[in-house]
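The values are calculated or read from the model by the stated rules, or taken from the named source; none is laboratory data. In this text the structure is predicted, and so the values were computed from the model without any measurement. Cβ placement follows ideal geometry from the backbone for every residue including glycine, while neighbour counts extend to all protein chains displayed. We work out accessible area using only protein heavy atoms, side chains counted, and drop any ligands, DNA or RNA first. Shrake-Rupley method; radii C 1.70, N 1.55, O 1.52, S 1.80 Å.
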There are 2 protein chains.
Amino acid sequence: MSATFSELWSAIAPIGRVANGYIRYSFEEPELVLRDWFRNQAARRDMAVTDDGNGNLFAWWGDQWGQDAVLTGSHFDSVPHGGGYDGPLGIVSGFLAVDELRRRGHVPRRPIAVVAFVEEEGGRFGVPCLGSRLLSGAIEPEQAAALKDREGITYGEALGGTPAGRLPGLTSRIGALVELHIEQGRVLDVPVGVASAIWPHGRWRFDFTGHGDHAGTTRMDDRRDPMLTFAYTVLAANKEARLSGAHATMARVEVEPNATNAIPSLVRGWLDARAAETSTLDNLVEAVVKRAHDRAGRDGVEVAVTSESFSAEVTFEKSLAERIADLLGGVPVLPTGAGHDAGVLSTHVPTAMLFVRNPTGVSHSPAEHADEADCVAGIAALARVLVDLT
Amino acid sequence: MSATFSELWSAIAPIGRVANGYIRYSFEEPELVLRDWFRNQAARRDMAVTDDGNGNLFAWWGDQWGQDAVLTGSHFDSVPHGGGYDGPLGIVSGFLAVDELRRRGHVPRRPIAVVAFVEEEGGRFGVPCLGSRLLSGAIEPEQAAALKDREGITYGEALGGTPAGRLPGLTSRIGALVELHIEQGRVLDVPVGVASAIWPHGRWRFDFTGHGDHAGTTRMDDRRDPMLTFAYTVLAANKEARLSGAHATMARVEVEPNATNAIPSLVRGWLDARAAETSTLDNLVEAVVKRAHDRAGRDGVEVAVTSESFSAEVTFEKSLAERIADLLGGVPVLPTGAGHDAGVLSTHVPTAMLFVRNPTGVSHSPAEHADEADCVAGIAALARVLVDLT
């Protein structure tokens, strides 16, 4: 079989599309349909599919979990109301690169697998790159199993059991991972680039606890309103990030009871913070936490901060990135502020990333877009890299 | 029959109680159970129950909708995670006051009705005092029918049809309304008081529209983050209220997509504002709207403000309030910042309110409480007022 990019892309484009972007949560209906699509695509190419017991899927060309396999792929899941390219483009490109290698009569010396990592966005269970963290032992299976979604369903329940955890023999079985992904900024001005590094980043949950009361009758001086502390912290995080050249965002909030006429008893806000240097990130988060506590004291509010996830700075193997950039005719090598499964695995096995141009730079939004010609160029580049590696 | 306060109170106390306070939304299960309880209590007292076609219930002692009826009662519905006294205390006290009048052998010259108004909090459909607004013609039936809850169910669907609207002959049929309610501040330091006025108050919805994008990769200078504008407006509302001696609260927020790693495309916040004087309230809201717009310009965000409800200043009929205060031995006469159905009806018929002491002043919160002795004193006071009026 030999499908074109537009054929494959138009088949998955409607899956999980809602009025405003995509909702593709791990193990919920649209993502399950995409998993079926993955199995069907593998079957059409005579690629056996294995599951690592963590929720990640692998479609094999060559020995399943033989030595030194070259993996390529990405993830299906989206942020709520996200774009369609972030993740699936890497999986579709993986299958199409396999087609291209076969068309050329390439006989790989090492197994090749197209991989679909689970819960990369953390959109359902809160911890991003959950599948690659489990595969590489960066999170304990029991801890992952206990993670809950917004309805209280655990990851273990969604998966159907406790995850298997770290792959035995990980470093000898996986020889390399090359993840293709849409760029998520406006740095890349040619169709394809290569990743140099991922900024260190993390998520911190701020629980602001005040005192629920009547919004109409409670005197301003008697209030202990946690919404005020939250609002101050939102602005403080923005200001501190600007001052330090980092990125900080408070984009998610939960309020109890969230009623127009009731001062909240609890406001919960999440800080997403990233910086080029770990020390910058540390100082940024410390400054935001300090300012939240200072304001909390004035508001009569308690604040508790929990680190929900942290991803250390990733520097992709320099020799591999440079070799790929040369192979592709000297394409740009650029860092990114976005986390990826390739980043999680980079501390264990050689990993590289190809970026496909994003003309607006918009991502995690329905407006995310890549031109078809650039996607096709991405597949050609990925095929060239796979030929070189296998 | 002759029940005690504690008997009746303990029967309804578990209904709609959750781990953290009460959730009693109009026409949802707990409130439907309370409506059944209302019909059963009426039946035990040989009081016929009528429905005005708007969702309000009336239990009659004497002619249904005869001339010059004296109404007493309140509402069953709660704010999310609210207290148990706010509303139901007035209905329970109404039935027990009827018992007391009968025990004394009182023969009323005018019909008496215990009333349960629907959707007083606006907790489900957004417009507070919806039942009394419909009964008095302050909102159009079609407009009320189209109001939606958070799941998109309309008030018309919940009610089972378009509301009947204004009661024909309202001003001749209703001679007076006396609503008993727990106080919602800490002003009252004796068991029972009488209301003088309700502050003018309203709800305004602020839609802050920005540009959804990736929280990790989008440069701080490229962002159009509506959470910043919301946060600034929360703090501005608090500050403006303090400066003007008014009350302002932003306690409810909805975020799209509300994901940790996605700059929101939309943040919707609600302003609850109240003041002793209408001019103060107008100036307060104008100042908050102006500051929101100023900040929105800096954030690259659009802001649209919608007035969702407005309740003009209410001054309860002074002669009635003074007569009742005298009758009860010179109890305090005090204003409140909280809206009530009695306030909505006060522009059409003579209305009065009895307040029962709230030792902590806390309301719209699970911590809301009234002492049993004060509740019993409230029933005795209400009985004395009903004897006087009928």
Original post:
Residues of segment A:275-286 being in contact with a Ser or Thr (Cβ under 9 Å, 6 or more places away or on another chain) and open to solvent by 10 Å² or more (accessible area, probe 1.4 Å), which ones?
Top reply: A:Thr280, A:Asn283, A:Val285
Original post:
Which residues, counting only those in segment B:131-155, are out of contact with any helix residue (DSSP H, G or I) (no Cβ under 6 Å at 6 or more places or on another chain), aliphatic (A, V, I, L, M) and crowded, with 24+ Cβ neighbours inside 10 Å?
Top reply: B:Leu135
Subject >> Residue list for segment B:191-213, filter: among the aromatic types (Phe, Trp, Tyr) and either open to solvent by less than 10 Å² (accessible area, probe 1.4 Å) or more than 8 Å from chain A (Cβ to nearest Cβ) (or both) >> reply: B:Trp204, B:Phe206, B:Phe208
Original post:
If you take the residues of segment A:110-130 that are among the charged types (D, E, K, R) and in contact (Cβ under 8 Å) with a residue 60 or more places away in the chain, which of them is most open to solvent (accessible area, probe 1.4 Å)?
Top reply: A:Arg110
Subject >> Among the candidates A:Gly175, A:Gly165, A:Gly152, A:Gly156, residue that is farther than 21 Å from A:Trp204 by Cβ, assigned to a helix (DSSP H, G or I) and either free of Cβ contacts under 8 Å to residues at least 12 places away in the same chain or more than 14 Å from chain B (Cβ to nearest Cβ) (or both) >> reply: A:Gly156
Original post:
Can you tell me which of B:Phe76, B:Phe95, B:Phe27, B:Phe58 is over 30 Å from B:Asp272 (Cα atoms), assigned by TED's automatic domain parsing to the domain that holds B:Glu368, touching an Asp or Glu at 6+ places or on another chain (Cβ under 9 Å) and in contact (Cβ under 8 Å) with a residue 40 or more places away in the chain?
Top reply: B:Phe58
Subject >> Failed item in (1) within 24 Å of A:Leu71 (Cβ to Cβ); (2) assigned to a loop (DSSP other than H, G, I, E, B); (3) without any contact (Cβ under 8 Å) to a residue 24 or more places away in the chain, with A:Ala3 passing the rest >> reply: (3)
Subject >> A:His369 being under 21 Å from the mean Cα position of the chain (by Cα), more than 14 Å from chain B (Cβ to nearest Cβ) and in a loop (DSSP other than H, G, I, E, B) >> reply: no
Original post:
Of the numbered conditions (1) open to solvent by 10 Å² or more (accessible area, probe 1.4 Å); (2) modelled with pLDDT of 95 or more; (3) more than 14 Å from chain A (Cβ to nearest Cβ), B:Gly90 satisfies every one except a single condition; which is it?
Top reply: (1)
Original post:
Among the residues of segment A:214-243, which ones are open to solvent by 10 Å² or more (accessible area, probe 1.4 Å) and more than 30 Å from B:Pro359 (Cβ to Cβ)?
Top reply: A:Tyr232, A:Leu235, A:Asn238, A:Lys239, A:Glu240, A:Arg242, A:Leu243
Subject >> Selection within segment B:356-365 - away from chain A (no Cβ under 11 Å) and either open to solvent by 10 Å² or more (accessible area, probe 1.4 Å) or not aliphatic (A, V, I, L, M) (or both) >> reply: B:Arg357, B:Pro359
**OP:** Restrict the check to segment B:294-301 and report whether at least one residue is of a type outside the set (A, V, I, L, M, F, W, C), farther than 30 Å from A:Gly202 by Cβ and more than 11 Å from every other protein chain (Cβ to nearest Cβ).
**Re:** yes
**OP:** Please work out if A:Arg323 is open to solvent by 30 Å² or more (accessible area, probe 1.4 Å) and within 14 Å of chain B (Cβ to nearest Cβ).
**Re:** no
**OP:** Go through segment B:39-52 and give me each residue that's open to solvent by 30 Å² or more (accessible area, probe 1.4 Å) and touching a residue at least 40 places away in the same chain (Cβ under 8 Å).
**Re:** B:Arg44
Original post:
Among the residues of segment A:244-254, how many are among the polar types (S, T, N, Q) and either at the interface with chain B (Cβ under 8 Å from one of its Cβ atoms) or open to solvent by less than 30 Å² (accessible area, probe 1.4 Å) (or both)?
Top reply: 1
**OP:** Scan segment B:325-348 and give yes if some residue there is in contact (Cβ under 8 Å) with a residue 60 or more places away in the chain, on the phi > 0 side of the Ramachandran plot and in the same structural domain as B:Ala69 (by TED's automatic domain parsing), otherwise no.
**Re:** no
Subject >> Count of segment A:43-52 residues which are outside any strand (DSSP E or B) and under 22 Å from A:Pro163 (Cβ atoms) >> reply: 1
Subject >> Meets criteria (in contact with a Lys or Arg (Cβ under 7 Å, 6 or more places away or on another chain) and open to solvent by less than 10 Å² (accessible area, probe 1.4 Å)) for A:Gly343 >> reply: no
**OP:** Pick out the one residue from B:Leu188, B:Leu170 that is of a type in the set (A, V, I, L, M, F, W, C), within 14 Å of chain A (Cβ to nearest Cβ), surrounded by fewer than 24 Cβ atoms within 10 Å (Cβ to Cβ) and closer than 25 Å to B:Leu71 by Cα.
**Re:** B:Leu188
Subject >> In segment A:188-210, the residues that are under 19 Å from the mean Cα position of the chain (by Cα) and either part of a loop (DSSP other than H, G, I, E, B) or free of Cβ contacts under 8 Å to residues at least 12 places away in the same chain (or both) >> reply: A:Trp199, A:Pro200
Original post:
If you go through segment B:252-269 one residue at a time, do you hit one that is in a loop (DSSP other than H, G, I, E, B), among the acidic types (Asp, Glu) and more than 17 Å from B:Gly202 (Cα to Cα)?
Top reply: no
